[in-house]
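Right, one structure below, let's go through it.
Rule-based calculations on the coordinates, nothing more; no lab input. None of these values were measured; they are calculated from a predicted model. Virtual Cβ from ideal backbone geometry, glycine too; neighbours counted across all protein chains shown.
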Amino acid sequence: MFVCVDGDRTTRLRQWAWLDIGAGMGGAGTGPGERRLVGWSVTDEAWLVSEPIGVVATSPLGRPPGWAVTDNRRQYLLEQPGLPQGDEPLAAIDCLRANGSLDPAAPISIVPWRPGKSTAERIFERRTA
């Protein structure tokens, strides 16, 4: 099961990673790009892609952030960062592309949180045909 758009409450995410979208990724899009979250919603028991992230908690070096807030003030409690597995997280991304929430031509990278890194590493990119 996956959720295309999250609800109006605080959501707990596990096995979460950053979702980097747009021109900031070096793709064909315009503008600076955006960062979202993709992860397992403990609340909804489904994979979820957040709206664009506005604020992320600071954390000591080597520890993941504990929370993030979207531009429209939806709150996420972040637990157990990891790389989403299987096709359901990708299906949630495809759903957002299909309903117009994401530019179909924008490059997307799933970037896991890593301890001690000053910049994120791209793991893979996915584009729809």
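Details
- Residues Glu45, Glu34, Glu88 arranged by fewest to most Cβ contacts within 10 Å: Glu45, Glu88, Glu34
- Full extension of the chain segment joining Asn99 with Arg14 gains 28.1 nm, where the gain is 0.36 nm per residue of separation less the Cα-Cα distance.
- Site pair Glu88 and Asp44 shows an inter-label distance of 1.2 nm when each label is modelled 7 Å from Cα along Cα→Cβ.
- Approximate spin-label separation Gln75-Val55, in nm, with each point projected 7 Å along Cα-to-Cβ: 1.0 nm
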